[in-house]
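One structure is given here, and the rest of the page talks about it.
The values are calculated or read from the model by the stated rules, or taken from the named source; none is laboratory data. Source: prediction; values computed, not measured. Please note: Cβ atoms are built from the backbone with ideal geometry, for glycine as well, and neighbour counts cover all protein chains shown.
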Amino acid sequence: MFSYAQALAAGIGLGIMYALIRVPSPAPPPVALTGLAGMLIGFGVIEAVT
């Protein structure tokens, strides 16, 4: 659970920094959200298997 909190904090921190320096998003929001969901599901599967 702690690693989820760390990942969330890192993502929020980077998102804020990107917004402040106005870095354009490299992917449309639906594509980015699908990728994030895939990473989360993959992490859950690996945790369940090991």
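Here Ile41, Ile46, Ile12 are screened, and the one residue that is surrounded by fewer than 10 Cβ atoms within 10 Å (Cβ to Cβ) and in a helix (DSSP H, G or I) is Ile46. Considering every residue within segment 16-25, establish whether at least one is part of a helix (DSSP H, G or I) and modelled with pLDDT under 80. Checked against the condition, which is being part of a helix (DSSP H, G or I) and modelled with pLDDT under 80, segment 16-25 yields at least one hit.
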